[in-house]
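A.B. asks: Once you've had a glance at the structure underneath, I'll fire off some questions.
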Amino acid sequence: MKMTMKSLLLIPVLALLAACGGGGGSDSSSTPSTTTPTLQSIALTPANQTIPVGTTLQLTATGTYSDGKTAVLKDNLTWSVKGSNATVATTGLVTTKVVGSETITATSGSISGSTAITITNPWDSVAAGGNQTLALKRDGTIWGWGSNGWGQLGDGSTTDQNKPVAVSGGVNTWKQVASGEFHTVALRADGSLWAWGFNQNGQLGTGTTDSKPVPTLIGTSKNWVFVAAGKAHTLAIDKSGLLWAWGRNFNGQLGDGTTVDKLVPTKIGTFTNWKMVSAGATHSIGVRADGSLYAWGGNASGQLGNGGLVDLTAPTKVGTSTWVSAAAGGAHTLAIRADGILFAWGSNGSGQLGNNGSGNATAPTQITSDTNWAAVAAGNMHSLAVKADGTLWSWGSNTDGQLGSGNNLDSGAPIQVGNATIWKGVSAGISHSFGVQTDGTLWGWGRSVEGQQGNGSSGSTAADVVVPTALQ
């Protein structure tokens, strides 16, 4: 084919036009469009929480967008509550007001997300001391009321209180509290141990005999897991299962083989499997992980359960049975065997053993034929217990209504207190009693002169509370 010069000149031009999509055709290229992701849903966290009344909960709203991405929402967000049991701030901070249930909602434009919260009563556990009461709330704070002449309430004063006052320091990480006649000890979540109140015998474990009206750190260890307070001595178990004791030791209640007071925690023996301990007026009781029961200290009334009346200065095994828990009172002991049967021994002048007699017992004596006992508490001369069915029982001295039976008559055998079946735990002081129910309510009964009922009543005209009454 014959090519002209003109044709040769057109070839590169046509090639260039083809590369550019030219050649006279229409331009098919376009600029990509950008679509803004839209909010599709809102999730609130933490979701479906159960929290005590009077506390706060911070909620976070997280949005999910049409492109699959998520982000925490803060701007253009409206918070609301369905009812009146709680309030919510513009930041998502919920404050509970009334026991019950509530729904919290966060809304952005037409999109909303909700979560339910359950609001419970605030109390977790209670310790009835000499004539004072200390209680742990579910929010990790400790409150106290009643006798406070030595600062045993821990509020920084030595003034009796007839209504609950917060323990000084604003701490909300308390895990357990125990109260003796005039002193209190408590564990924090970090494993540290603290004490306050009377310290004549070194029962605070601080290395001195100076009393303290506020929580005071005991040593530097953060390995504590359990603590018990007696009349003037203290027992504690560490993470390794070792037992420690300090304070008054006149009767050998510390268990270190001497009768010399100790001002700091002193290791007792070499066993590394202690499960729980209880401290009475002058004696101590402990259960090891293998279910064996040990007793030591004062034994004038047979409260050590070894068949004798001689004090023992070191932990001594009681029988060969397997036990699950025990409680040391003024001069008597209660214990639950692994089969759910209740036993008692020691002083019985007011019927506190519950065997329908008045004579002391120097060895474990079975109390009733029931096999469903779950928890026990021993006061100065009265006893309390909870069965596996959640019922509450009491016996012994009732001079101040501490049995909760509606009168002031002593009882030599267990009697049921009320009809409630949701009792969780009980604690017995000198002449007053307290219990916590599974719904988080706290109930008190018995002596009220020192304000230990926390109901605003105290003094010589304060009437005994003869039936369990909820603390408001």
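The values are calculated or read from the model by the stated rules, or taken from the named source; none is laboratory data. Treat the numbers as computed from the prediction; the structure is a model and nothing was measured. With ideal geometry, Cβ positions are generated from the backbone for all residues, glycine too; neighbour counts draw on all protein chains shown.
A.B. asks: Identify the residue in region 251-267 that is in contact (Cβ under 8 Å) with a residue 60 or more places away in the chain and in a loop (DSSP other than H, G, I, E, B) and, among all such residues, is surrounded by the fewest Cβ atoms within 10 Å (Cβ to Cβ). Please lay out each step first, then the result.
C.D. replies: Filtering region 251-267 down to residues in contact (Cβ under 8 Å) with a residue 60 or more places away in the chain leaves 251-252, 255, 261-265.
If we keep only those that are in a loop (DSSP other than H, G, I, E, B) too, we end up with 251-252, 255, 261.
Working: Asn251: 20, Gly252: 22, Gly255: 28, Asp261: 18.
Top of the filtered list is Asp261.
Rundown of residues vs (1) surrounded by 24 or more Cβ atoms within 10 Å (Cβ to Cβ); (2) in the same structural domain as Gly305 (by TED's automatic domain parsing); (3) not hydroxyl-bearing (Ser, Thr, Tyr), yes/no style:
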| position | (1), (2), (3) |
| --- | --- |
| Thr316 | no, yes, no |
| Gly319 | no, yes, yes |
| Ser325 | no, yes, no |
| Gly329 | yes, yes, yes |
| Ile336 | no, yes, yes |
| Asn348 | yes, yes, yes |
| Asn355 | no, yes, yes |
| Ser358 | no, yes, no |
| Asn372 | no, yes, yes |
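A.B. asks: Of the numbered conditions (1) in contact with a Leu (Cβ under 8 Å, 6 or more places away or on another chain); (2) closer than 20 Å to His283 by Cβ, Gly349 fails exactly one; give the number of that condition.
C.D. replies: It fails just one condition, (1).
A.B. asks: Looking only at region 312-330, how many residues end up being touching a Ser or Thr at 6+ places or on another chain (Cβ under 6 Å) and of a type in the set (Ser, Thr, Tyr)?
C.D. replies: 0
A.B. asks: OK, next. Gly247 - would you say it is at pLDDT 95 or above, of a type outside the set (A, V, I, L, M, F, W, C) and crowded, with 23+ Cβ neighbours inside 10 Å?
C.D. replies: Values: at pLDDT 95 or above: yes; of a type outside the set (A, V, I, L, M, F, W, C): yes; crowded, with 23+ Cβ neighbours inside 10 Å: yes.
Yes: the conditions hold for Gly247.
A.B. asks: Output yes when any residue across region 268-277 is surrounded by fewer than 24 Cβ atoms within 10 Å (Cβ to Cβ), aliphatic (A, V, I, L, M) and outside any strand (DSSP E or B), and no when none is.
C.D. replies: Taking every residue of region 268-277 in turn, none turns out to be surrounded by fewer than 24 Cβ atoms within 10 Å (Cβ to Cβ), aliphatic (A, V, I, L, M) and outside any strand (DSSP E or B).
A.B. asks: Got a sec? Which of Val426, Val466 is surrounded by fewer than 19 Cβ atoms within 10 Å (Cβ to Cβ) and hydrophobic (A, V, I, L, M, F, W, C)? First the steps, then the outcome.
C.D. replies: Numbers: Val426 fails: surrounded by fewer than 19 Cβ atoms within 10 Å (Cβ to Cβ).
Matching residue, one of Val426, Val466: Val466.
A.B. asks: Let me ask you something else. Tally the residues that are on the phi < 0 side of the Ramachandran plot and in a strand (DSSP E or B), restricting the search to region 278-325.
C.D. replies: Filtering region 278-325 for residues on the phi < 0 side of the Ramachandran plot gives 278-290, 292-296, 298-301, 303-304, 306, 308-318, 320-325.
Subsequent filtering for residues that are in a strand (DSSP E or B) retains 278-279, 283-288, 293-296, 312-317, 323-325.
Residues meeting the conditions: 21.
A.B. asks: Select from region 416-472 the residues that are within 20 Å of Asp400 (Cβ to Cβ), of a type in the set (S, T, N, Q) and assigned to a strand (DSSP E or B) and list them in ascending order.
C.D. replies: Gln416, Ser427, Ser433, Thr469
A.B. asks: If you go through region 127-145 one residue at a time, do you hit one that is outside the structural domain of Val99 (by TED's automatic domain parsing), surrounded by fewer than 22 Cβ atoms within 10 Å (Cβ to Cβ), more than 14 Å from the chain's Cα centre (by Cα) and free of Cβ contacts under 8 Å to residues at least 60 places away in the same chain?
C.D. replies: Filtering region 127-145 for residues outside the structural domain of Val99 (by TED's automatic domain parsing) gives 127-145.
Pick out the ones that are also surrounded by fewer than 22 Cβ atoms within 10 Å (Cβ to Cβ) and you get 138-141.
Subset that is more than 14 Å from the chain's Cα centre (by Cα): none.
Checked against the condition, which is being outside the structural domain of Val99 (by TED's automatic domain parsing), surrounded by fewer than 22 Cβ atoms within 10 Å (Cβ to Cβ), more than 14 Å from the chain's Cα centre (by Cα) and free of Cβ contacts under 8 Å to residues at least 60 places away in the same chain, region 127-145 yields no hits at all.
A.B. asks: Is there a residue in region 105-119 that is within 18 Å of Ala470 (Cβ to Cβ), buried (at least 20 other Cβ atoms within 10 Å of the Cβ) and not small (Gly, Ala, Ser)? Spell out the reasoning first.
C.D. replies: Here is the first cut: in region 105-119, the ones within 18 Å of Ala470 (Cβ to Cβ) are 119.
Next, from what is left, pick out any that are buried (at least 20 other Cβ atoms within 10 Å of the Cβ): 119.
Those still in the list that are not small (Gly, Ala, Ser) too: 119.
Yes.
A.B. asks: Of the residues Gly130, Gly83, Gly154, which is assigned to a loop (DSSP other than H, G, I, E, B), over 23 Å from Gly202 (Cα atoms) and modelled with pLDDT of 95 or more?
C.D. replies: On the way: Gly130 fails: over 23 Å from Gly202 (Cα atoms); Gly154 fails: over 23 Å from Gly202 (Cα atoms).
From the options Gly130, Gly83, Gly154, the qualifying one is Gly83.
A.B. asks: Any chance you could count how many residues in region 346-398 are in a loop (DSSP other than H, G, I, E, B) and either closer than 22 Å to Asn408 by Cβ or not hydrophobic (A, V, I, L, M, F, W, C) (or both)? Steps first, answer last, please.
C.D. replies: Taking region 346-398 and keeping what is in a loop (DSSP other than H, G, I, E, B), we get 347-360, 368-372, 379-381, 388-391, 397-398.
Retained after the next criterion (residues that are either closer than 22 Å to Asn408 by Cβ or not hydrophobic (A, V, I, L, M, F, W, C) (or both)): 347-360, 368-372, 379-381, 389-391, 397-398.
Adding up the residues that qualify gives 27.
A.B. asks: Within region 65-104, take every residue that is without any contact (Cβ under 8 Å) to a residue 24 or more places away in the chain and surrounded by 15 or more Cβ atoms within 10 Å (Cβ to Cβ) and give me the one that is nearest to Gln40 (Cα to Cα).
C.D. replies: Glu102
A.B. asks: Mind telling me which of the residues Ala232, Ala236, Ala228, Ala281 ends up being buried (at least 23 other Cβ atoms within 10 Å of the Cβ), under 22 Å from Ala331 (Cα atoms) and out of contact with any strand residue (DSSP E or B) (no Cβ under 6 Å at 6 or more places or on another chain)?
C.D. replies: On the way: Ala232 fails: out of contact with any strand residue (DSSP E or B) (no Cβ under 6 Å at 6 or more places or on another chain); Ala236 fails: out of contact with any strand residue (DSSP E or B) (no Cβ under 6 Å at 6 or more places or on another chain); Ala228 fails: out of contact with any strand residue (DSSP E or B) (no Cβ under 6 Å at 6 or more places or on another chain).
Result: Ala281 is the single residue among Ala232, Ala236, Ala228, Ala281 that is buried (at least 23 other Cβ atoms within 10 Å of the Cβ), under 22 Å from Ala331 (Cα atoms) and out of contact with any strand residue (DSSP E or B) (no Cβ under 6 Å at 6 or more places or on another chain).
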